[in-house]
Amino acid sequence: MAVCRAHVPPFGAVLAAVHHAEVVAHRVGEPFGSLVLAVAVTVIEVALIITMMSAKGAKGAGLARDTVFAAVMITCNGIAGLCLFLGALKRGLARFNADGTSTVFGAIITLAGLTLVLPTFTTSQPGPEFNDTQLSFAALASIAVYGLFISALTVRHRPDYLPVRTDSDASDDTHEDDPPTSREALTSLVLLVLALVAVVGLGKGVSPTIERGVDRAGLPASVVGVVIALMVLLPESIAAVRAAQRDQVQTSLNLALGSAMASIGLTIPAIAVATVWLSTPLLLGLDASHMVLLAMTVAVGTLTFVRGRATLVQGGAHLVLCAGYLILAVSP
């Protein structure tokens, strides 16, 4: 029991960080709010990956790949699929802005292929990893594409990421909560920074618990990455589902796809820099079954996000892909 209590603070810090990020997000509004949440979650993810890689040494070589791929599958299929399903269940069709959603999904495909698929087929290194030149290019390319996405999201094409308005939306607006005051948002911003610092500091404490739990359950080591992704994405998943229940499907997709984009565009460069002082190889390339799942996600996601509307069938298809990924994670 004492061990369990000792590891409650890290998870509590994660919940606190995302809660305060939600307060700030509510104040600044869409699409900036989704960006705040995505960056906060990614900072937590990077902190946990680096602390666990430094503790595991060579055994943690594939941890970044496993966690980033898990985040992509959970966000693009699990969170997005559930939100589309709920939106379609409420209105018959889940409607969203196809221009912005398809743009960010295309960027996710580009970075996923570059950082998670291409290393499997390079020949400079014996395993599924980049050499120094290739890794540097992948890191810079990830930052560049993410920077372009931020520019489109916040300045150049901001309307593409705003919720789609319909004639029946007026009656729903009366139920929307008032945004927090500037003082409340500033307080939450300070507490958000403190919570993120706490997550970084407590990461070393929670990582042995995750590893022991996976080992005792007899699960593959790659499940550690899935657990990390599920842990850091859970509060954000709740926020996305709540938005979908309020018929704010675009906000839900901004949260889901923005998190996937940040997970690749920020995590890979951060881990690449960390390998300078970590004496750990960085295995990034996916195996065959995971590449098949990624290819299916690309195909189904393209057909879903370019239309600007989705039915129960499309939401269900994404959920099945997420479930298939989780099944293969525990039983390869």
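The values are calculated or read from the model by the stated rules, or taken from the named source; none is laboratory data. All of these numbers come straight from a predicted model, not from anything done at the bench. With ideal geometry, Cβ positions are generated from the backbone for all residues, glycine too; neighbour counts draw on all protein chains shown.
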Quiz item: In this structure, is residue 25 part of a helix (DSSP H, G or I), touching a Phe, Trp or Tyr at 6+ places or on another chain (Cβ under 9 Å), within 28 Å of residue 183 (Cβ to Cβ) and modelled with pLDDT under 90?
Solution: yes
Quiz item: Residue check: is residue 90 in a helix (DSSP H, G or I), of a type in the set (D, E, K, R) and modelled with pLDDT under 80?
Solution: no
Quiz item: When you go through (1) modelled with pLDDT under 90; (2) in contact with a helix residue (DSSP H, G or I) (Cβ under 7 Å, 6 or more places away or on another chain); (3) β-branched (Val, Ile, Thr) one by one for residue 123, which number turns out not to apply?
Solution: (2)
Self-check item: Any pair with Cβ under 6 angstrom, 6 or more apart, that starts in segment 249-278 at a residue that is over 15 Å from residue 45 (Cβ atoms) and ends at one that is outside any helix (DSSP H, G or I) and acidic (Asp, Glu)
Solution: 251/30
Exercise. Of the conditions (1) among the polar types (S, T, N, Q); (2) over 18 Å from residue 45 (Cα atoms); (3) at pLDDT 75 or above; (4) assigned to a helix (DSSP H, G or I), residue 174 clears all except one; give me its number.
Key: (3)
Exercise. Report yes if residue 142 is modelled with pLDDT under 80, more than 19 Å from residue 101 (Cβ to Cβ) and in a helix (DSSP H, G or I), otherwise no.
Key: no
Quiz item: Of the residues 272, 260, 244, which single one is surrounded by fewer than 24 Cβ atoms within 10 Å (Cβ to Cβ) and of a type outside the set (S, T, N, Q)?
Solution: 272
Quiz item: Yes or no: residue 266 closer than 17 Å to residue 228 by Cβ and out of contact with any Lys or Arg (no Cβ under 9 Å at 6 or more places or on another chain)?
Solution: yes
Quiz prompt | segment 85-117, subset of a type in the set (S, T, N, Q) and farther than 17 Å from residue 310 by Cα, residue surrounded by the most Cβ atoms within 10 Å (Cβ to Cβ) | solution = 115
Quiz item: Among the residues of segment 261-274, is any under 26 Å from residue 140 (Cβ atoms), of a type outside the set (Gly, Ala, Ser) and more than 19 Å from the chain's Cα centre (by Cα)?
Solution: yes
Practice problem: Give segment 54-71 a look and list any residue that's surrounded by fewer than 24 Cβ atoms within 10 Å (Cβ to Cβ) and in a helix (DSSP H, G or I), or say none. | Solution: 54, 55, 56, 57, 58, 59
Quiz item: Hey, does segment 283-293 have a residue that's touching a helix residue (DSSP H, G or I) at 6+ places or on another chain (Cβ under 7 Å), surrounded by fewer than 22 Cβ atoms within 10 Å (Cβ to Cβ), of a type outside the set (Gly, Ala, Ser) and within 17 Å of residue 105 (Cβ to Cβ)?
Solution: yes
Exercise. Check off (1) within 18 Å of the chain's Cα centre (by Cα); (2) surrounded by 22 or more Cβ atoms within 10 Å (Cβ to Cβ); (3) not polar (S, T, N, Q) for residue 298 and give me the number that stays unchecked.
Key: (2)
